[in-house]
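Below is one structure, written out as C-alpha cells; comments come after it.
The values are calculated or read from the model by the stated rules, or taken from the named source; none is laboratory data. Just so you know, these numbers come straight off a predicted model, no measurement behind them. Every residue, glycine as well, gets a Cβ built from its backbone with ideal geometry; the counts of neighbours run over all protein chains shown. We work out accessible area using only protein heavy atoms, side chains counted, and drop any ligands, DNA or RNA first. Shrake-Rupley method; radii C 1.70, N 1.55, O 1.52, S 1.80 Å.
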Amino acid sequence: MRLTKLVTVALATAALAASGATADPGHGKGKPTCKPAPVMLAGTLTNDPATGDTSFQLDVKHANRLGRLYAKAANPVTVTVDAKTRYGKDGGSSTLDALAQNDRARVLAKVCRADVKSAHASAGALPALTARAVLDKGPKPAAGSETTN
C-alpha cells in the first residue's frame, strides 16, 4: 500500500515538473523584428515644404556611417515626416512650414539595421527614412559677410 502511494506521488510530481518545463519562457513575447539604427544626414533642402506635407527633399552632403548609403544614392533624398517628428530652428522649437528651400538642415532618423545591411549587400532600394528630428540651420551665409566681435 505504501508502495502504490509512493509511486502515485512520484508520477504526479513528475507530471507537474514536465508541464512547467514545456511552458513558454517568453510569455508570448516574440523576438524584436527590427534593431533600430541611427542615421544622420546633413545637407540642403531642395524644396519648400508646406504645413500639410508628409515629406521633404534633402540634398545630402554629409552623413554618418549608416547614412553614407543615402549620401551616395541619387540626390535629393526624400525624407518623410510624421506627427512625432520634432523640428528645431535658431535654438528653439519650430514647425515643418518654417523650413525653407536652400536652408541647411540636419536630419536624425532611425531605420532597421538589417534593412540597411541587406540594401547595401544587394545594392537594392534603401529603406524609407522617417525623420525623428530636423534641425534647421538657415541658409548658408554669404561668402563676403564676416562677423566681427
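Put a plus charge on the Cβ of each Lys and Arg, a minus charge on the Cβ of each Asp and Glu, and nothing anywhere else: the dipole of region 76-149 about its Cα centre is then about 320 debye. Computed over neighbours whose Cβ is under 12 Å from that of Val60, the net charge equals +4, Lys and Arg +1, Asp and Glu -1.
Given R0 = 30 Å, the distance between the Cβ atoms of His62 and Asp82 translates into a calculated FRET efficiency of 0.80.
Each residue of region 72-86 was assigned a 3J(HN,Hα) from its phi angle through the Karplus curve 6.51 cos²θ - 1.76 cosθ + 1.60 (θ = phi - 60°); the sequence is 7, 6, 4, 8, x, 9, 8, 10, 8, 10, 9, 5, 8, 5, 9 Hz, with glycine and proline shown as x. Accessible surface for region 31-114, divided over its residues, is 58 Å² per residue with a 1.4 Å probe.
Amide hydrogen proximity for Ala133: with H placed 1.01 Å from N in the peptide plane, the residues at 5 or more positions away or on another chain lying under 5 Å are Arg86, Leu108. Under 12 Å from a label point set 7 Å out along the Cα-to-Cβ vector of Thr33, no amide N atom of region 98-132 is found.
Over all pairs of different C-alpha atoms in region 35-149, the reciprocal of the mean inverse distance, the Kirkwood hydrodynamic radius, equals 14.7 Å. Holding the Cα-Cα limit at 19 Å, pick out from Lys61/Lys117; Lys35/Lys110; Lys72/Lys117; Lys35/Lys117; Lys84/Lys117 the pairs that are longer than that. The pairs that break the limit, which is 19 Å between Cα atoms, are Lys61/Lys117; Lys84/Lys117.
Derived scalar couplings between HN and Hα for region 97-114 equal 6, 7, 6, 10, 4, 6, 6, 7, 9, 10, 10, 10, 9, 10, 10, 6, 4, 5 Hz in order, rounded to whole Hz, by the Karplus curve 6.51 cos²θ - 1.76 cosθ + 1.60 (θ = phi - 60°), x for Gly and Pro.
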